[in-house]
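One structure is given below, encoded as structure tokens.
The values are calculated or read from the model by the stated rules, or taken from the named source; none is laboratory data. On a predicted model such as this, the values are computed, not experimentally measured, just so you know. Ideal geometry is used to build each Cβ from the backbone, glycine not excepted, and the neighbour counts take in all protein chains shown.
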């Protein structure tokens, strides 16, 4: 059982957002540029702070713990993944 369905293609509609709203595109690009600069400045100041040094020290401690206790580290990561999965499942 076959049926024919008519398809109408509208060729007068713009395919690109820039053709439809050039001002919105300019504003969006400007906002992206400002956010990018702000994030770059924030990350640069964070790298100069004591918090960044503490973070690096904690990363090294964590790597050392994982090398000394790979079994415990694996079990902790599996438990953490299971908890995150349960929390995300409940929200749906």
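Points to keep in mind about this one:
- Residues that are surrounded by 10 or more Cβ atoms within 10 Å (Cβ to Cβ), over 22 Å from the mean Cα position of the chain (by Cα) and part of a helix (DSSP H, G or I), drawn from region 62-77: 62, 63, 64, 65, 66, 70, 72, 73, 74, 75, 76
- Every condition in (1) surrounded by fewer than 10 Cβ atoms within 10 Å (Cβ to Cβ); (2) modelled with pLDDT under 85; (3) assigned to a helix (DSSP H, G or I) holds for residue 33 except the one numbered (1).
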